[in-house]
Amino acid sequence: MFRRTVMIVAAAAVAATFASAAEDGKTLYEQKCAMCHGKDGVAKPAGKGSRNDPAFQKAATSESIEKITAEGKGKMPAYRSKLKEEQIKSIAAHIKTLGS
């Protein structure tokens, strides 16, 4: 019984961590990205020419989104020195939800 309770509590903690990371990704995206890429992932005038559209969001891997976010591309600046790796990963995870 004790072992089962521990496993249930551990599973709940893991689920809460993932939910928190997804929420953090959304919050970070809204703070750092939405001004150019739009809250819904559709580029604003400042982000025109970016590939952040539903087709890109669906086709791109999380790793490729992380790389672009970290290193920058075109007019988009690099965020490697402004965000932690975990933050970049959570933003990429949120971007993947936009193309769904």
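The values are calculated or read from the model by the stated rules, or taken from the named source; none is laboratory data. Since this is a predicted model, take the numbers as computed values, not measurements. Don't worry about glycine lacking a Cβ; one is built from the backbone with ideal geometry, like all the others, and counts go over all protein chains shown. Just so you know, the surface numbers come from the protein's heavy atoms only, side chains and all, with ligands and any DNA or RNA stripped out. Shrake-Rupley method; radii C 1.70, N 1.55, O 1.52, S 1.80 Å.
Values computed for the structure shown
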| item | result |
| --- | --- |
| Selection from segment 59-75 of residues that are within 18 Å of G99 (Cβ to Cβ) and over 13 Å from the mean Cα position of the chain (by Cα) | A59, K73 |
| Filtered residues of segment 29-41 (kept if open to solvent by less than 80 Å² (accessible area, probe 1.4 Å) and more than 12 Å from the chain's Cα centre (by Cα)) | C36, H37, G38 |
| Verdict on K67 being part of a loop (DSSP other than H, G, I, E, B) and open to solvent by 60 Å² or more (accessible area, probe 1.4 Å) | no |
| In segment 52-64, residue modelled with the highest pLDDT [restricted to those that are surrounded by 15 or more Cβ atoms within 10 Å (Cβ to Cβ) and assigned to a loop (DSSP other than H, G, I, E, B)] | A60 |
| Where a residue in segment 57-79 is within 17 Å of M35 (Cβ to Cβ) and its partner, wherever it lies, is polar (S, T, N, Q) and in a loop (DSSP other than H, G, I, E, B), with Cβ under 8 Å and at least six apart | G74/S50; K75/S50; M76/S50 |
| The listed residue being part of a helix (DSSP H, G or I) and either of a type in the set (V, I, T) or modelled with pLDDT of 85 or more (or both), out of K39, K26 | K26 |
| Filtered residues of segment 73-88 (kept if outside any loop (DSSP other than H, G, I, E, B) and surrounded by fewer than 17 Cβ atoms within 10 Å (Cβ to Cβ)) | K73, E85, E86 |
